[in-house]
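The values are calculated or read from the model by the stated rules, or taken from the named source; none is laboratory data. Values in this document were obtained by computation on a predicted structure and should not be read as measured data. As a convention, Cβ positions derive from the backbone with ideal geometry for all residues, glycine included, and neighbour counts pool all protein chains shown.
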């Protein structure tokens, strides 16, 4: 009865009155493909980024995200929310494949990178705007300082691009 892109990995009894939307935190993963060779088998699940990407800058940009503050800059829908204050508990980029997150079979080290972010709740497109903006920093279209200033200004127009949906997945909900 589930759509083709949803899989059940575990089932357990829930207490009376359980509400799925009342989780303490959620973790999303976003996958980038950083190779000149196209991701034939993974193309529906990664963002195939062309051009050089400074993964050190990706990591530095991710370090700007944790904390409790207004994240209005990361959503085009800020006007729909009572508040855009969110508590980002962690945000980190990791290489996949050998010794990294995901453990993709046969993926050369450094080819695939994953961004994981955990927060109590998220705004519409928050992860995709964050990822797109960090890629803009890592490709030299935006500076770390510019990203920090755009986040503080709370204006979506000052942020970078929105990453495509195909690299995003919900990986955990903590209750």
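A few remarks follow.
- Among residues of region 44-64 being assigned to a helix (DSSP H, G or I) and closer than 13 Å to residue 148 by Cβ, the one that is nearest to the chain's Cα centre (by Cα) is 62.
- The single condition among (1) surrounded by 12 or more Cβ atoms within 10 Å (Cβ to Cβ); (2) under 24 Å from residue 149 (Cβ atoms); (3) free of Cβ contacts under 8 Å to residues at least 24 places away in the same chain that residue 67 does not meet is (1).
- Pairs where the first residue, in region 122-146, is within 15 Å of residue 157 (Cβ to Cβ) and the second is at pLDDT below 95 and assigned to a loop (DSSP other than H, G, I, E, B), C-beta under 9 Å, 6+ apart: 125/76; 125/77; 129/76
- Close Cβ contacts (under 7 Å, 6 or more residues apart or on different chains) running from residues in region 1-23 that are at negative phi and in a loop (DSSP other than H, G, I, E, B) to residues that are at pLDDT 85 or above and surrounded by 10 or more Cβ atoms within 10 Å (Cβ to Cβ) comprise 23/173; 23/174; 23/175.
- Test: residue in region 157-168 that is within 21 Å of residue 47 (Cα to Cα), touching a helix residue (DSSP H, G or I) at 6+ places or on another chain (Cβ under 8 Å) and loosely packed, with under 13 Cβ neighbours inside 10 Å: yes
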